[in-house]
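Asker: Provided herewith is a single structure, encoded as structure tokens, for subsequent inquiry.
The values are calculated or read from the model by the stated rules, or taken from the named source; none is laboratory data. Keep in mind the model is a prediction, meaning the values are calculated, not measured. Because the Cβ atoms are built from the backbone with ideal geometry, glycine has one as well, and the counts that use them run over all protein chains shown.
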Amino acid sequence: MNESPYSFDATIDNFQEQVLQASMQTPVLVDVWAEWCEPCKTLMPMLEKLAEEYRGNFLLARVNADQQQELAGHLGVRSLPTVLLVKEGQAVDGFNGALPEGEIRKVLEKHVAAPAEDPYDKAHRLWEQGDKEGALAVLTEMNQQDPSNTDVLIDLAQLKAELGDLDTAQQVLDSLATEDRMQHKAKQLEARLKFLRQAGELPPVADLDRRLEADPKDAEALHKRALHHTLAEENGDAMALLIRLMQVAPEYEDGVAKTTLVELFEKLGNSDPNVRTYRRKLYTLMH
């Protein structure tokens with residue numbers, strides 16, 4: 001069984017203290033199981049995962065029915081697996097069989113306080129919801145508690161950049177150790193900062209689209225329209241325009257199309273399908 005501060009093996013000897021008495025402060029989920037019980041093998045890992053997720057808001061007590069027959073009898077077990085939720089010394093809920101995780105969560109929600117959200121997960125949830133200031137506050141506090149956490153530092157810099165403070169973002173990036181700057185996230189940030197600095201010099205999208213409609217080989221318009229796509233995270237569209245730019249004007253701005261493509265490849269990583277597609281196209285053009 002997994003060793004965890006949130007789960008343990010219950011026996012007839014420790015049940016009174018570790019289950020009944022402990023449940024006066026913390027709910028205890030009692031899982032009665034056996035080695036030969038196939039549904040038990042499905043249920044047990046699920047309950048252990050939930051116990052870890054809830055971080056001590058409830059405890060998981062495992063009762064081996066074959067080894068603890070007297071205890072299983074006292075609990076009124078007639079089939080396996082049997083799960084009982086004990087709170088303040090009393091069984092207040094329970095179920096038989098291996099329920100889906102969603103159903104087990106519903107049982108827990110009625111009696112157990114929800115787990116505290118991990119601060120890093122919270123910051124990213126706020127970020128995704130558009131609350132950048134809220135995400136920044138959470139990440140700032142995390143950075144104060146652990147200044148050596150590189151992931152938090154890079155995220156802070158990314159947020160600063162998105163909020164328009166490019167200088168602070170660059171300072172954070174420059175403060176990273178050489179090996180940390182080689183991380184994928186740091187390379188993504190470096191590329192993002194470059195694109196954001198260029199954004200201040202970009203003409204409006206509508207103007208660029210009109211120019212390209214009039215002249216599909218307008219090198220400047222192709223380049224700057226690709227940058228707009230990059231800033232909007234429309235990376236496939238950006239790469240397509242940069243390939244077009246290489247085809248019509250490979251030497252434009254000292255080969256900026258190739259340079260920007262490579263920066264995008266580094267920013268997104270090899271697992272990105274657009275990177276795989278357009279890396280092949282770039283290779284074909286170069287050879």
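Asker: If I filter segment 27-45 for residues that are of a type in the set (Ser, Thr, Tyr), assigned to a loop (DSSP other than H, G, I, E, B) and in contact (Cβ under 8 Å) with a residue 12 or more places away in the chain, do I get at least one hit?
Answerer: The answer is no, given that none of the residues of segment 27-45 is of a type in the set (Ser, Thr, Tyr), assigned to a loop (DSSP other than H, G, I, E, B) and in contact (Cβ under 8 Å) with a residue 12 or more places away in the chain.
Asker: With respect to residue 206, is the statement that it is within 16 Å of residue 151 (Cα to Cα), part of a helix (DSSP H, G or I) and not acidic (Asp, Glu) true?
Answerer: No, not satisfied.
Asker: Is it true that residue 72 is crowded, with 20+ Cβ neighbours inside 10 Å and among the hydrophobic types (A, V, I, L, M, F, W, C)?
Answerer: yes
Asker: Further question: Can you name the residue in segment 247-287 that is among the aromatic types (Phe, Trp, Tyr) and surrounded by 15 or more Cβ atoms within 10 Å (Cβ to Cβ) and, of all such residues, is nearest to residue 222 (Cα to Cα)?
Answerer: Step by step, filter segment 247-287, then rank; the result is 252.
Asker: Filtering segment 111-132 down to residues that are at pLDDT below 95 and under 22 Å from residue 29 (Cβ atoms), which residue is surrounded by the most Cβ atoms within 10 Å (Cβ to Cβ)?
Answerer: Across segment 111-132, the extreme among qualifying residues is 115.
Asker: Using beta carbons and a limit of 9 Å, which pairs, at least six apart or on different chains, have the first residue in segment 1-23 and modelled with pLDDT under 95 and in a helix (DSSP H, G or I) and the second one among the polar types (S, T, N, Q) and surrounded by 13 or more Cβ atoms within 10 Å (Cβ to Cβ)?
Answerer: Qualifying pairs under 9 Å: none.
Asker: Now a separate question. From the list 212, 222, 159, 193, exactly one residue is under 23 Å from residue 272 (Cβ atoms) and either exposed (fewer than 15 other Cβ atoms within 10 Å of the Cβ) or assigned by TED's automatic domain parsing to the domain that holds residue 278 (or both). Which is it?
Answerer: Result of the check over 212, 222, 159, 193: 222.
Asker: Please go through (1) over 16 Å from residue 87 (Cβ atoms); (2) touching a Gly at 6+ places or on another chain (Cβ under 9 Å) for residue 30 and return the number of the only condition it doesn't satisfy.
Answerer: (1)
Asker: Mind checking whether some residue in segment 120-141 is basic (Lys, Arg) and over 20 Å from the mean Cα position of the chain (by Cα)?
Answerer: Among the residues of segment 120-141, not one is basic (Lys, Arg) and over 20 Å from the mean Cα position of the chain (by Cα), which makes the answer no.
Asker: For segment 101-127, give me the residue count where each residue is hydrophobic (A, V, I, L, M, F, W, C) and in a helix (DSSP H, G or I).
Answerer: Total meeting the criteria: 6.
Asker: Criterion first (closer than 30 Å to residue 33 by Cα and not hydroxyl-bearing (Ser, Thr, Tyr)) does residue 138 satisfy it?
Answerer: When the stated conditions are applied, residue 138 does not pass them.
Asker: Within segment 82-91, which residues are among the aliphatic types (A, V, I, L, M) and either in contact with a helix residue (DSSP H, G or I) (Cβ under 7 Å, 6 or more places away or on another chain) or surrounded by fewer than 18 Cβ atoms within 10 Å (Cβ to Cβ) (or both)?
Answerer: Selection gives 85, 86, 91.
Asker: Is there a residue in segment 110-125 that is among the basic types (Lys, Arg), closer than 30 Å to residue 87 by Cα and touching a strand residue (DSSP E or B) at 6+ places or on another chain (Cβ under 9 Å)?
Answerer: So far as segment 110-125 goes, yes, one or more of its residues are among the basic types (Lys, Arg), closer than 30 Å to residue 87 by Cα and touching a strand residue (DSSP E or B) at 6+ places or on another chain (Cβ under 9 Å).
Asker: Also: Testing residue 56 on (1) assigned to a loop (DSSP other than H, G, I, E, B); (2) of a type in the set (Gly, Ala, Ser); (3) at negative phi; (4) modelled with pLDDT under 95, one condition comes back false. Which one is that?
Answerer: Every condition holds for residue 56 apart from (3).
Asker: Only one residue in 134, 130 is in a loop (DSSP other than H, G, I, E, B) and of a type outside the set (Lys, Arg). Which one?
Answerer: One residue alone meets the criteria, 130.
Asker: Return the only residue of 67, 18 being closer than 17 Å to residue 90 by Cβ, polar (S, T, N, Q) and out of contact with any Leu (no Cβ under 7 Å at 6 or more places or on another chain).
Answerer: Testing whether each residue is closer than 17 Å to residue 90 by Cβ, polar (S, T, N, Q) and out of contact with any Leu (no Cβ under 7 Å at 6 or more places or on another chain) leaves just 18.
Asker: Can you name the residue in segment 92-109 that is farther than 11 Å from residue 46 by Cβ and touching a residue at least 12 places away in the same chain (Cβ under 8 Å) and, of all such residues, is surrounded by the most Cβ atoms within 10 Å (Cβ to Cβ)?
Answerer: Going through the qualifying residues, I end up with 108.
Asker: Quick one: in segment 19-47, which of the residues that are over 23 Å from residue 111 (Cβ atoms) and more than 33 Å from the chain's Cα centre (by Cα) is surrounded by the most Cβ atoms within 10 Å (Cβ to Cβ)?
Answerer: 37
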